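Please read the structure below before turning to the comments.
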Amino acid sequence: MYVLFFLGTLCCLAFAHRHVARQVWLAGFFTTLLAVTLVGMPLMPVVDMHKFAEPNDEERTYYEVRIVDAAGNELEYDDRATPPTSGSRTSTIAGDMTAEYDDDERLAMGEFFVSNAIEHRAEIESGGPPAYERLQPPRYVDDEPWTADELAAYEAFEAVRVYERTITFTDDTTAVESNEEQLLLTVDVAEQTITEHDNP
């Protein structure tokens, strides 16, 4: 949608001498913007134009993927390694890995995460993403990208772990009361093993 906006604007400029082109483009843009504002929730295909945060429930549970190196060190997964899966999409996939997928699907998804992490790491260590990726819209996710300095402390990536994280908010949902995590699943791509961790 981000790219389509600029392509549409360029087309509108190309036909700027036609008064109707400008009117149609502006009317379409402002109608869409007004619609997502009035509805108060993301609408396809302009999900990135959604301007309001969803109110928190008193408790929120989501699933977090971490990449694991040969020494067993963990690093929170950088969703930039697997576009367009990010934020809630990654959480949904991780949740499905723990509850829905069979072992073959878990291993395939683990291989996907690990191979993309290795590729993304190599890109960062060689100087960063290509120029065209810098034209992407800003991320509306509170996460930090991997850095070359941070990655230097890790050995080769070999596995992924999936954690269930439960955040409890205060009654007025303005502050975090507790933040708990529980390891549910390890998919070791190097060893081709899958380990389900027992719940306490």
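The values are calculated or read from the model by the stated rules, or taken from the named source; none is laboratory data. Given the structure is predicted, the values throughout are model-derived calculations rather than measurements. Neighbour counts are summed over all protein chains in view; Cβ atoms, including those assigned to glycine, are modelled from backbone coordinates with ideal geometry. Heavy atoms of the whole protein, side chains included, go into the accessibility calculation; ligands, DNA and RNA do not. Shrake-Rupley method; radii C 1.70, N 1.55, O 1.52, S 1.80 Å.
Pairing residues of segment 174-200 that are open to solvent by 100 Å² or more (accessible area, probe 1.4 Å) and among the charged types (D, E, K, R) with residues that are at pLDDT below 95 and assigned to a loop (DSSP other than H, G, I, E, B), at Cβ distances under 7 Å and at least 6 apart in sequence or on separate chains, gives E177/T170. Annotation note: of F15, F29, the sole residue that is of a type in the set (F, W, Y), at pLDDT 75 or above and surrounded by 12 or more Cβ atoms within 10 Å (Cβ to Cβ) is F29. Would segment 76-93 turn up any residue that is open to solvent by 50 Å² or more (accessible area, probe 1.4 Å), among the acidic types (D, E), in contact with a strand residue (DSSP E or B) (Cβ under 6 Å, 6 or more places away or on another chain) and under 24 Å from P145 (Cα atoms)? Scanning segment 76-93 turns up at least one residue that is open to solvent by 50 Å² or more (accessible area, probe 1.4 Å), among the acidic types (D, E), in contact with a strand residue (DSSP E or B) (Cβ under 6 Å, 6 or more places away or on another chain) and under 24 Å from P145 (Cα atoms). If you go through segment 159-200 and pick out every residue that is assigned to a loop (DSSP other than H, G, I, E, B) and not charged (D, E, K, R), you end up with 10.
Name the residue that is surrounded by the fewest Cβ atoms within 10 Å (Cβ to Cβ), counting only residues in segment 109-127 that are touching a residue at least 40 places away in the same chain (Cβ under 8 Å) and among the hydrophobic types (A, V, I, L, M, F, W, C). Looking at the filtered set, the residue picked out is M109.
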